[in-house]
Amino acid sequence: PEDQKNLTFPNDVVPDVIEFAEKNYRIAPGADNRAIAGLSMGGNQTLIIGLNHLDLFHYVGAFSPVIMNANADQDFKTLLADAAGANKKLRVFNIYIGKEDTLYMSNVSFHQLLDQHQVKHVFTETEGAHVWWNWRDYLVDYAPRLFR
């Protein structure tokens with residue numbers, strides 16, 4: 001079924017990747033010690049996984065994410081229904097997008113939806129399009145904000 005297909009990737013990350021990383025690397029467990037970030041379609045997956053698992057991730061970064069605004073109310077139903085609870089958990093929530101990116105308007109719409117529901121986040125618009133040098137700059141900005 002369609003619903004099960006959409007769960008494949010999140011189920012690979014939650015809990016498989018987390019369990020693997022905590023077992024094989026010297027990292028502290030817990031949501032205050034865990035970040036998720038991604039670019040383009042990975043940015044979409046970051047938003048879906050991170051914002052729907054605030055018990056596991058308190059840092060979320062999306063770089064030029066693909067946003068399915070037609071599904072946003074459903075994809076982020078829990079987040080939007082309890083913005084106050086989400087805001088208490090989220091330590092850093094950043095979205096970055098280039099003004100010439102073909103995904104720009106969908107990101108602006110998602111940013112407005114988050115504002116409408118009072119979900120705290122930082123929305124950064126830059127010059128440029130859907131290109132690696134923007135993602136490099138986004139990572140350079142995002143990474144130092146983690147785990148403070």
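The values are calculated or read from the model by the stated rules, or taken from the named source; none is laboratory data. Because the structure is predicted, anything quoted here is derived from the model rather than measured. All Cβ positions, even for glycine, are placed from backbone atoms using ideal geometry, and neighbour counts span all protein chains on display. Surface areas here come from the heavy atoms of the whole protein model, side chains and all, with no ligands, DNA or RNA. Shrake-Rupley method; radii C 1.70, N 1.55, O 1.52, S 1.80 Å.
Defining a contact as two alpha carbons under 8 Å apart and six or more residues distant in sequence, what relative contact order in percent does the stretch 15-70 show?
The value is 35 percent.
If each of N33 and E127 carries a label point 7 Å out from its Cα toward its Cβ, how far apart are those two points in nm?
4.2 nm
What accessible area per residue, rounded to a whole number of Å², is obtained for the chain using a probe radius of 1.4 Å?
That works out to 58 Å² for each residue.
On the accessible surface of the stretch 86-148, probed at 1.4 Å, how many percent belong to carbon and sulfur atoms?
Carbon-and-sulfur percentage of accessible area, whole number: 56.
About the Cα centre, and with charges only on the beta carbon of Lys, Arg (+1) and Asp, Glu (-1), how big is the dipole of the chain? Nearest 20 debye, please.
Dipole magnitude for the chain comes out near 520 debye.
Taking the Cα-to-Cβ direction at K77 and at S40 and moving 7 Å from each Cα, how far apart do the two end points lie in nm?
Once both label points are built, they end up 3.1 nm from each other.
Using Cα pairs closer than 8 Å and at least 6 residues apart in sequence, work out the relative contact order for the chain, in percent.
Reported as a whole number, the value is 20 percent.
In 5 Å bins starting at 0, how do the alpha-carbon pair distances of the stretch 1-111 split up by percent?
2, 11, 21, 24, 20, 13, 6, 2, 0
Which of the peptides 35-43, 117-125 is most tightly packed, and how do the rest follow, going by the mean number of other Cβ atoms within 10 Å of each residue?
With the highest mean Cβ count within 10 Å placed first, the list reads 35-43, 117-125.
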